[in-house]
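Novice: This is the structure, below, for whatever I ask next.
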Amino acid sequence: MVISGAELTALVGSYMWPLFRISGLIMSAPLFGSKPVPARIRLGFALTITFVVAPIVSPMVPSVDALSPTGVLIVIQQVLIGVLMGFSLQLVVSAIITAGQIVALQMGLGFSLMVDPQNGTQAPVLSQLYVLMVLLVFLGLDGHLVMIEVLTDSFHYIPISDKGLVPDDFWQVVTWGSMIFSGAVGIALPAIASLLVVNMAFGIMTRAAPQLNIFAIGFPITMMLGFAVILLTLPSIVPNSNAMFNRVYHLLQYLLGMGVP
């Protein structure tokens, strides 16, 4: 049995080209791309998904030398497509972290910082509570399976070639980045309104009784009321985060040519 160089190149490329797009997604997606996940685990995920997806997309894989200029362009395009998909999902996590920061600052817990394992930065403890809850919702609603399904469909709508994303696609993602602030305000709005009324009440008390040490009694009251507001509004995070993930998946479908946003 003799295998020619062209056949060997086509066989290697049928698994190598999809691997770059899948690796870009795994590297930047929520939960899978977080820093606590070892690089070997991420590589194992990428290789496993590649061996499953590659036979489906192999007829569309071009036979191109990986070291040629065209091969380099294909690698760049595939990595950009994967990173763009994972980054779009990260917008939801960033919105949740921002919402937690807003609520923590309103109730006086802005100083309670800890290392965020998702991004490797410091974030309030309340943000970590929200992020862990949203990631559990993401897994419980099979968001990871939907992500893999969108990834598989992307090979049909954007075949592997040296032409893929255009600057307008990146501009769409930048525009949808406003969801970080709109989604965060939507989640934190009940706490903002409730604690604003409490602060106004403290201001009236200070004007009525200047000798009252409002800082001594205001901080514990604000914190206790803040925890009560969190307890009452925590169930609303699930539908809000689910709606944001659906919006992101619609965005990805639009960027990949599957439909409208």
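Novice: Using the Kirkwood radius built from alpha carbon pairs, what does the Stokes-Einstein equation give as D for the range 130-220 at 25 °C and 0.890 mPa s, in µm² per second? Could you put the intermediate results ahead of the total?
Specialist: Numbers: Rh = 18.4 Å.
It comes out at roughly 134 µm²/s.
Novice: To continue, here is another question. Using θ = phi - 60° and the Karplus relation 6.51 cos²θ - 1.76 cosθ + 1.60, list the HN-Hα couplings for the range 31-43 in order, rounded to whole Hz, with x at every Gly or Pro.
Specialist: 6, 6, x, 6, 5, x, 6, x, 4, 5, 5, 4, 5
Novice: Can you tally the net charge around Val146? Count Lys and Arg as +1, Asp and Glu as -1, for every other residue whose Cβ sits under 15 Å from the Cβ of Val146.
Specialist: Residues near Val146 contribute -2 overall.
Bear in mind that the values in this text are calculations on the coordinates, not laboratory data. Computed from a predicted model, the values in this text were never measured in an experiment. With ideal geometry, Cβ positions are generated from the backbone for all residues, glycine too; neighbour counts draw on all protein chains shown.
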